[in-house]
Amino acid sequence: METVPFWFACAGLLAFLVSVTLRTMMWLRMPIHVRWELYPVAHEGKRASYGGSYLEESEWWKKPREFSIWGEIRVMVPEILFLVALREHNRKLWYRSFPFHFGLYLITAGTVLMGGFALMGSQWESAEGFAGVLRMGIIVFGLAGLVLGLLGAAGLLHRRMTAPELKDFSAPADLFNLAVFVAVFSVALSGIVLLGVVEFFASLTGLIGQIVKLPFGHAEAQVPGIVGLSVVLMSLLLAYIPLTHMSHFIGKYFAYHSVRWNDAPNLKGSKQEKVIQEALGQPVSWSASHIAGDGKKNWVDVATTMPGEIKDR
Amino acid sequence: MFADFSRGDDCLFEINQKDQQPLPPPFDDIDEEPLFRRLTEEAKKKYVLLDDTIAVNIPKPETQEEEAQLVNSFLSGLRRLVSREDNWTFLEPLMISLEHCAKCQTCSEGCHIYEESGRHPYYRPSYRSEILRRIYFKYLKNSSTWVHGDIELNWKTVARLIELSYRCNLCRRCAQSCPIGVDNALLAREIRKVASQEMGIVPKELHDSGSMLQLKVGSSTGMNAIVARDNVEFIDEDTTDRTGIAVETPWDKEGADILLIHNAGEIMAWPENPGGFALLFSAAGLSWTMSSDLAAYDGINYGVWYDDFQFARTALLHLEAARKLKVKKIVIGECGHAHKALSVIADKVVTGDLNIPRESGINVLRDIVREGRVKFDKSRNDFPVTLHDPCNLVRLMGIVSPQREIIEAIVPKERFREMEPHGVENYCCGGGSGFAIMSGHNFAHWRHHVSGRRKLRQVLEAFQGEVMDMEHPKYVCAPCSNCKGQLRDIIAYYDAWERAGIYYGGLVELMVNAMVDAQPGYIDWEWH
């Protein structure tokens, strides 16, 4: 029984990684789509500041295209960390959503620090120097993350249950998901209250350390009951997140990089041109009379046939 | 509110003018505004009702078979919409938007239609998306309604959803504000696509007398090539008379550098625009031509708003004409959706020697100014000017600075004022996605009272501080035919020329008005 939390944590992490990988692969395997960019496009260099594009250039196809990775980073990092779009366009919700998301980031960072601490082989009680800094980071990030996460999740749940514009659009699962976060964070914070913050994170770090060391054959983690319960609940939540629309952290990457910022032109003789040629060979089965797809004619066949030339099937 | 959508035969809601925010002076008394004309009882009996206006004209089914047909064909189209083969063109953006909405309503704050309707919940950009999403998960994926929410699918749901997809200008301002990247405008377009490509249901202005007419005759205006050439010849003569500079538009000139494609609506409604282009291109010594091939003298491409195949057919005709003339590039006149269709969307459906470079006419005009090929006297444009940013050209293509560079050279600095917000954060004119040419039943009233209201508000705000009467004319520069059509209609509807001296026109008109070698007075300030 003592190792149940340990195995839950391993399984939760594994399920999370597998789900995220599968979901990422699903998006990566999407067919090429037509350009649907939306300005400002962050990698446009100086033009990005006002939303301009290389299409402002005369005969742009004869000129090298500026692509600023730094421009993308400058937009992505604040967007991920501080939810800039939400802050600009929906401040009421940002007051709740930001602590929720930032709390999750801090919890994730704290967990990574736990793994790092374990790999250093330091003892929790006697950690000094860099290990001592890590220990402090684990406590600060973990505690702050749980408090912010709880406040944010509770705030979001309250708003979703009371604001008409959110309530009317919410499915039961939307409320359930937030309630689960509230419950999981509450249990963890109860553990901190019962055991003391240092003891709680010391136990948790021991368990995370065992997971990190699993490839080397250690699996002897024993933690107090309330810590074990927290770990089990967190693990279930971790496995659950990618199965819900909360996997938007993956979708958002593709929404930006594959759609909003995807302004790559189709140049003659390019690799992209070959992919497009394949796409144009896809069969068409749309039924309206001006298309009359039969599942055999391909995209080019239909696009190069004028509606007046289509014979009724 | 989702259950109501599938029930009842009447309109789900009506526009109440008392719920709307008053406009800026001198239009700030809402009681003096024209009254929203209600649907006739005859129309209410005959067509599916959503909100006291009609865009699509879907007749109420008379038999259970017809009801079932609406539902079944919609579901069949939805299956094709999420298929890799049938909808590769938009599958990834579609699925991201279908699967990842957090239902936070941030998009609503970006939507001029929602805001100006008096914040009516049915006009939230996410509302129609959420209905589509619930149908997709419940009826295609057999997912739990506990997870994705419930919706009853019947003929009313289908017909109202199609009608609701034509209450969005597809301006994508909502997508710009979405924290995740969900694109409700795209979902509106994809609903239109199912209706068109599977069910054959489209507003007649867009399809029968729009893209179909263009593919058959050559232009949605109904002009065949002979008529178009005659009209342009007349325009050349008129431009010569008005400016004192001989103008002759070259047609079908093989080997020219540029194939210029206008929205043919300019030829019919705003002849000073193609006239201005011809004058400036000739004065600048450019090698250019127009084409009299099918559809090649009309850059419109209505398919971009509702149907991938109608879009591709039109784009291919434009490109084929350019290939035939062996031009170096296609230059697109002042038409926003023609820009986006041919420059951006068509980019992923053409290969090989059909992949002919396309460029904005505004870039070419900017170069004429920058290189000093034509001399301008900005004192000739000594009147207040504001600039409308067409969504297709600006938010969706990132062409923001060339038009401003031109204006800086032809309008006194103190006379130009930006709208707020402007550039890529602009608001749609309210005529986007085909609305500017749709006026069936009382739809024009809806356009003026709801979708176009924010633009009128912006125009009035831009000119606050000026004397608001006809003796003090003000110019709204809108480098897009569709936007000009909408501005013309709003200005006429609210009597904004007589009451506030607000006039509108394109960018080249403003350029020719300031052209040193031309006789003054190209802009005639006459309300037509």
* What's the exposure ranking of B:Ser379, B:Ser73, A:Ser58, going from fewest to most Cβ atoms within 10 Å? -> B:Ser379, A:Ser58, B:Ser73
* To do: Would you work out the charge dipole size for chain B about its Cα centre, treating the Cβ of every Lys and Arg as +1 and the Cβ of every Asp and Glu as -1, and quote it to the nearest 20 debye?
  => 1640
* Structure fact -> For B:Lys378, counting only aspartates and glutamates whose alpha-carbon sits under 14 Å away and dropping same-chain residues fewer than eight positions off, the answer is B:Glu405, B:Glu408, B:Glu414, B:Glu509, B:Asp517
* **Pair B:Ile226, A:Phe176: separation of 7 Å Cα→Cβ label points (nm)** => 7.0
* Measure off 7 Å from each Cα along the Cα-to-Cβ vector at B:Tyr139 and A:Val147, then give the distance between these two points in nanometres to one decimal. => 5.1
* Structure fact -> Taking the dipole of region B:208-366 about the Cα centre (Lys, Arg +1; Asp, Glu -1; charges at Cβ), the one of B:Ala284, B:Ala346, B:Ser219 that reaches farthest to the positive side is B:Ala346
* Which of B:Thr243, A:Thr304, B:Thr106 has the fewest Cβ neighbours within 10 Å, and the rest in rising order -> A:Thr304, B:Thr243, B:Thr106
* **Derived scalar couplings ³J(HN,Hα) [region B:75-87; Karplus, 6.51 cos²θ - 1.76 cosθ + 1.60; whole Hz; x for Gly, Pro]** => 5, 4, x, 5, 4, 5, 4, 9, 9, 5, 7, 6, 9
* To do: Along Cα→Cβ, 7 Å out, is where each label goes; now give me the distance between the ones at A:Leu194 and A:Thr244 in nm to one decimal.
  => 2.4
* Structure fact -> P(r) of region B:326-390 over all Cα-Cα pairs, 5 Å bins starting at 0, rounded to whole percent, reads 3, 14, 17, 19, 18, 11, 8, 5, 3, 1
* To do: Would you kindly state how much longer the chain becomes between B:Ser83 and B:Val516 on full extension, computed as 0.36 nm times their sequence separation minus their alpha carbon distance, in nm to one decimal?
  => 150.1 nm
* Structure fact -> Those helices of chain A passing the 20 Å axial Cα length cut-off and the mean Kyte-Doolittle cut-off of 1.0 (DSSP H runs only) are A:4-28, A:129-162, A:172-195, A:197-212, A:225-240
* Where does chain B land at 222 nm, in deg cm²/dmol rounded to the nearest 500, when only DSSP H runs of n ≥ 4 count, each adding -39500 (n - 2.57), divided by all residues? -> -11000 deg cm²/dmol
* Structure fact -> So the compactness index of the protein assembly as shown, its C-alpha Rg divided by 2.2 N^0.38 Å, takes the value 1.03
* **Built amide H within the under 5 Å cut-off of B:Tyr47, gap 5+** => B:Lys60
* Asked: For region B:341-418, which trypsin sites (Lys or Arg not before Pro) are both in a DSSP coil and crowded by at most 16 other Cβ atoms within 10 Å?
  -> B:Arg373, B:Lys375
* Solitary cysteines of the protein assembly as shown, where the nearest other Cys Cβ is not under 4.7 Å -> A:Cys10, B:Cys11, B:Cys101, B:Cys104, B:Cys111, B:Cys168, B:Cys178, B:Cys335, B:Cys477
* Positive-pole candidate from B:Pro479, B:Ile245, B:Pro274, dipole of the protein assembly as shown, charges at beta carbon -> B:Pro479
* Asked: What size of dipole, in debye to the nearest 20, comes out for the protein assembly as shown about its Cα centre when the only charges are +1 on Lys and Arg C-beta atoms and -1 on Asp and Glu C-beta atoms?
  -> 2400
* **Listed pairs A:Lys167/A:Lys252; A:Lys268/B:Lys326; B:Lys216/B:Lys340; B:Lys204/B:Lys328; A:Lys268/B:Lys216 exceeding 26 Å between Cα atoms** => B:Lys204/B:Lys328; A:Lys268/B:Lys216
* To do: Divide by every residue of chain A the summed helix terms, -39500 (n - 2.57) for each DSSP H run of at least 4, and state the resulting mean residue ellipticity at 222 nm, rounded to the nearest 500 deg cm²/dmol.
  => -20000 deg cm²/dmol
* Asked: Is region B:1-113 best put as rounded, prolate or oblate by its Cα gyration tensor, with a ≥ b ≥ c the root eigenvalues, rounded for a/c under 1.5, and otherwise prolate when a/b is larger than b/c, oblate when not?
  -> oblate
* Would you kindly derive the ³J(HN,Hα) couplings of region B:128-140 from the backbone phi angles with the Karplus curve 6.51 cos²θ - 1.76 cosθ + 1.60 (θ = phi - 60°), listing them in order in whole Hz, with x for Gly and Pro? => 5, 5, 5, 5, 4, 4, 5, 5, 4, 6, 7, 9, 9
* Structure fact -> Checked region A:218-302 against the a/c 1.5 cut and the a/b vs b/c comparison, axes a ≥ b ≥ c from its Cα gyration tensor; verdict prolate
* Where a Cα-Cα gap under 15 Å defines reach, which aspartates and glutamates qualify for A:Lys274, not counting those fewer than 8 residues away within the same chain? -> B:Asp347, B:Asp353
* Amide H of B:Arg358: which non-local residues (sequence gap of 5 or more, or other chain) have their own amide H closer than 5 Å, using H built in the peptide plane? -> B:Ile330
* Cα gyration tensor shape of region B:375-513, rounded if a/c is under 1.5, else prolate or oblate by comparing a/b with b/c -> oblate
* Going by how many other beta carbons lie within 10 Å of each one, how would you line up B:Glu33, B:Glu408, fewest first? -> B:Glu408, B:Glu33
* Rounded to the nearest 0.05, what FRET efficiency do B:Ala3 and A:Ile73 have when you use their Cβ-Cβ distance and R0 = 60 Å? -> 0.85
* To do: Distance between Cα centroids, region B:32-71 to region A:122-185: provide it in whole Å.
  => 49
* Please work out the FRET efficiency for the pair B:Ser209 and B:Arg37, using the Cβ-Cβ distance as r and a Förster radius of 30 Å; give the result to the nearest 0.05. => 0.85
* Cα centroid distance between region B:389-428 and region B:176-193, in Å? -> 24
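Only the coordinates and a few stated rules stand behind these numbers; no lab work does. Because the structure is a prediction, the values reported are computed rather than measured. All Cβ positions, even for glycine, are placed from backbone atoms using ideal geometry, and neighbour counts span all protein chains on display.
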